[in-house]
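Data block below; observations after.
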Amino acid sequence: MTPADPPVTAVGVAARAACTLFLFTVVFVAILSGAHQWTLPAVEAAAAREKMKRIDEVLPRERYDNEPLDDAVTLEAAPELGFDEPARILRARRDGRIVALVVEAVAPDGYAGPIRLLIAFEPDGRVIGARAVAHRETPGLGDYIDPRKDRDQARPWITQFDGLNPAAIDAREWRVKKDGGRFDALAGATVTPRAVIRAIRQAALFVAARRERILAP
């Protein structure tokens, strides 16, 4: 005769269920982790390509021969740039010499919310190019800060800054014409350009104040 099997109690059933659930969770997490590690290089490569597409809009590739995303200076948190995160300045080089700096900035006071900008500067502070890379400004009114939506395709509004050095121009001039400055703006849509103009100047002043650190080897 064989001894009778021990009775199955509710505690035993619960313990088995808990063990099964635990093993399932461990296996599931391991699979997710493996999938993440496997896809991470592709995700990072896609993100890098997207960043380079934006950089291409403010800085032609023929001007430099390095990888700006791999040549960056990280500085302290920068309220002047519109956010509280550390500032990351990209450096573009030609034959080892720094020929441009690419800076992200945020205009916090856009008409419909923050306007995220990307600006390329010459080492001496002159603007090479600026673009609004993310915004929610009113379609057909304030969104002319985006050259793709500007009616003047021959000379989009945001190209007014090209070649200018904001740090070398009086702050009273660095405004829309309606406020006594030098920059054009569409009638009835001046809140948006005011925000962009201020943000570009703030970014230029930030870079100018830290130029030695940014350009250091």
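The values are calculated or read from the model by the stated rules, or taken from the named source; none is laboratory data. Since the model is a prediction, treat every value here as computed from it, not as a measurement. Reconstructed Cβ throughout: ideal geometry from the backbone, glycine too, with neighbour counts over all protein chains shown.
The residues on offer are Gly163, Gly188, and the sole one that is in contact with a strand residue (DSSP E or B) (Cβ under 9 Å, 6 or more places away or on another chain) and on the phi > 0 side of the Ramachandran plot is Gly163.
I'd like to know if segment 14-25 contains one or more residues that are surrounded by 10 or more Cβ atoms within 10 Å (Cβ to Cβ), closer than 30 Å to Pro147 by Cβ, out of contact with any Cys (no Cβ under 7 Å at 6 or more places or on another chain) and at pLDDT below 80.
So the first thing to find is which residues in segment 14-25 are surrounded by 10 or more Cβ atoms within 10 Å (Cβ to Cβ), and the list is 14-25.
Keeping just the survivors that are closer than 30 Å to Pro147 by Cβ gives none.
No, segment 14-25 has no match at all.
Under the condition of being assigned to a helix (DSSP H, G or I) and more than 20 Å from the chain's Cα centre (by Cα), the residues counted in segment 179-193 number 2.
The residue pairs whose first member lies in segment 108-135 and is within 17 Å of Pro60 (Cα to Cα), whose second member is hydroxyl-bearing (Ser, Thr, Tyr), and whose beta carbons are closer than 8 Å, counting only pairs six or more residues apart or on different chains, are Gly129/Thr159. Applying the set (1) within 20 Å of Glu80 (Cβ to Cβ); (2) surrounded by 17 or more Cβ atoms within 10 Å (Cβ to Cβ); (3) without any contact (Cβ under 8 Å) to a residue 12 or more places away in the chain to Arg194 leaves exactly one unmet item: (3). Would you check if there is a residue in segment 82-92 being at pLDDT below 95, of a type in the set (A, V, I, L, M) and crowded, with 18+ Cβ neighbours inside 10 Å? The answer is yes; a qualifying residue exists. Restricted to strands (runs of 3 or more DSSP E) entirely inside segment 52-163, those with at least 3 residues that are assigned by TED's automatic domain parsing to the domain that holds Arg194, touching a helix residue (DSSP H, G or I) at 6+ places or on another chain (Cβ under 7 Å) and not acidic (Asp, Glu) are 86-94, 97-107, 115-121, 127-134.
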